[in-house]
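*Asks:* The following block contains the structure, expressed as structure tokens.
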Amino acid sequence: MRHRHALAAMSWDDARLTAHASATPLKPSSVPLAEAGGSVLATPLVAPAAVPPVDRAAMDGYAVRGPGPWRVVGAVMAASGLADHLEDGQACSIVTGAAVPPGTTSVLRDEDASRSGSRSGSGSGSGSGSGSGDLVAGPAGTGRHIRRAGEECAAGEVLLRAGVVVDPPVLGLAASLGLDRLTVISQPRVTALVTGDELVHRGPSGPGRVRDAIGPMLPGLIARAGGIASPVAHLPDSRDALIEALASADAELVLVSGSSASGPADHLRGALAALGAELIIDGVACRPGHPQALARFNDGRLVLGLPGNPLAALTAFLTLGVAALHRLRGLGLPVLPVAPVPGGIACHPHTTRLVPVRVGPQGVVPVGHGGSAMLRGVAGADALAVVDPGPAEAIAARLLSLDPGARPWGV
């Protein structure tokens, strides 16, 4: 294994920075809209044409010209148009999204319209058919309920910068621009290996039996962080089995749980050495989650060693895994918001503490049950408070989101 001898545990902040810098962004590719969700724009989103391309009705009702009342001269459906200009005092029935006829000064909403004539009677809505010859009246200020050409964007306008995550509104915007493909950095593939002879996957823990709590967490964490998870693989405490699984993993990031410490059943470092990996991080000065590790193969694949205790594994993923995945996706390292801690949180003199907290209008409040093997506290929390080392209590802390895909909240 290529590494610095006797690597010291990194500070928490340095570990995040190092994990982010150790990854290489994936290459951009052009993909259909149906495959672009969750990816990241590799190039700006530019409008190829004005949207809308023509003036359109924003409501069902009547396109009218001039002051009312107006005589109905026809109808415009979404895919059709009126050949002639509207003249003063004329109206035509129209549906939302249809191009308004030339000469239209406003659109009178159906619910504001009263119509009279042989086809509809008085005081009714638009009725059936075009109602040609009927009179329609109602309030219709100039320009009301018309979406003007180019109102949303002009041709050539940059709408979104590169580096924006493609979520459902972005997909809808791209479709409204008439685009069928996007140039993106696709989501990284992530393989999760959970090791341990003592683990069981059904029923409760017992003597010599520990229910696996990490395996069920990892797919959701990976998805929230923007990765694509393969099915979790369960391995025995075997160096050979781990070597084989690492060598064959077809993913940009490989997670290994339960083999990152230095006990007799912890084979990660030996397996990495056998495969010629570079050990980049060997322990992080944080609690919980100290025995985490990050290594890199010659082909660029990253291996993240997660501790075997559930909360420690979660904090390690949020510390190193999220940082690496952001870089693989071409994203910067997330900036953590700062919140007050009205009641204070005790600092550790040398180690960063990661404390489950709830976020409220006055700041954050610890929820307790924050031991490395406990998930009760974090299950009811909004975030982890990052409590920097110090001699006393912290009255403010940075917040590490438990949902790495969520947009930062204001505190």
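*Asks:* How big is the convex hull of the Cα atoms of the chain, per residue, in Å³?
*Replies:* Once divided by residue count, the hull of the chain is 195 Å³.
*Asks:* Further question on the same structure: A397's amide H: which non-local residues (gap 5+, or another chain) put their own amide H closer than 5 Å, with H modeled 1.01 Å from N in plane and none for Pro or chain starts?
*Replies:* A339, V341
*Asks:* Of H290, H145, H20, which is the most mobile in a GNM of the chain whose springs link Cα atoms less than 10 angstrom apart?
*Replies:* Looking only at H290, H145, H20, the biggest GNM fluctuation is shown by H145.
*Asks:* DSSP beta bridges in the chain, what fraction antiparallel, as a percent rounded to 5?
*Replies:* Restricted to the chain, the bridges split so that about 70 percent are antiparallel.
*Asks:* Starting with the highest mean, order 306-313, 200-207, 355-362, 389-396 by the number of other Cβ atoms within 10 Å, averaged over the residues of each peptide.
*Replies:* 306-313, 355-362, 389-396, 200-207
*Asks:* Can you work out the Karplus-derived ³J(HN,Hα) for every residue in region 31-47? Use 6.51 cos²θ - 1.76 cosθ + 1.60 with θ = phi - 60°, whole Hz, and x for glycine or proline.
*Replies:* Here the 3J(HN,Hα) series is 10, x, 3, 5, 10, 8, x, x, 7, 10, 4, 8, 9, x, 8, 10, 6 Hz.
*Asks:* Give me the percent relative contact order of the chain, please, defined on Cα pairs under 8 angstrom at least 6 residues apart.
*Replies:* 18
*Asks:* Ordered by residue, what ³J(HN,Hα) values in Hz, to whole numbers, does region 191-206 give under the Karplus form 6.51 cos²θ - 1.76 cosθ + 1.60, where θ = phi - 60° and Gly and Pro are x?
*Replies:* With coefficients 6.51, -1.76 and 1.60, one gets 10, 10, 10, 10, 9, x, 5, 7, 7, 10, 10, 9, x, x, 6, x Hz.
*Asks:* Would you calculate a helix-derived [θ] at 222 nm for the chain, using -39,500 (n - 2.57) for each DSSP H run of n ≥ 4 and dividing by the full residue count, to the nearest 500?
*Replies:* Counting only the DSSP helices, I get -4500 deg cm²/dmol.
*Asks:* How tilted is helix 12-22 with respect to the longest principal axis of the chain? Cα atoms for both, answer in degrees (0 to 90, nearest 10).
*Replies:* Roughly 70 degrees between the two axes.
*Asks:* With the chain treated as a Gaussian network of Cα nodes joined by springs under 10 Å, which of G141, G305, G371 yields the largest mean-square fluctuation?
*Replies:* G141
*Asks:* If you don't mind, another one. For G196, what residues show an amide H to amide H distance below 5 Å, using hydrogens built from the backbone and excluding near sequence neighbours?
*Replies:* Close amide H contacts, sequence-distant or interchain: L235, D237.
*Asks:* Kirkwood hydrodynamic radius, computed over distinct alpha-carbon pairs, for region 182-286: how many Å, to one decimal?
*Replies:* 15.0
*Asks:* Computed from the mean reciprocal separation of all distinct C-alpha pairs, what Kirkwood hydrodynamic radius does region 261-391 have, in Å?
*Replies:* That comes to 16.1 Å for region 261-391.
*Asks:* Using each residue's phi in region 363-375, evaluate 6.51 cos²θ - 1.76 cosθ + 1.60 at θ = phi - 60° and report the 3J(HN,Hα) Karplus result to the nearest Hz, with x for Gly and Pro.
*Replies:* Result, ordered by residue: x, 10, 10, x, 9, x, 6, x, x, 4, 9, 9, 10 Hz.
*Asks:* Order these peptides, 323-329, 378-384, by their mean beta-carbon neighbour count within 10 angstrom, highest first.
*Replies:* Put in order of decreasing packing, that is 323-329, 378-384.
*Asks:* Tilt of helix 239-248 relative to the longest C-alpha principal axis of the chain, in degrees (0 to 90, nearest 10)?
*Replies:* 30
*Asks:* Follow-up question, since we're still on this one. Most mobile of L41, L182, L173 per a Gaussian network model of the chain (Cα springs, under 10 Å)?
*Replies:* L173
FYI, it's all coordinate maths here, none of it is from the lab. Values in this document were obtained by computation on a predicted structure and should not be read as measured data. Counting neighbours? That spans all protein chains shown, and the Cβs are built from the backbone with ideal geometry, glycine included.
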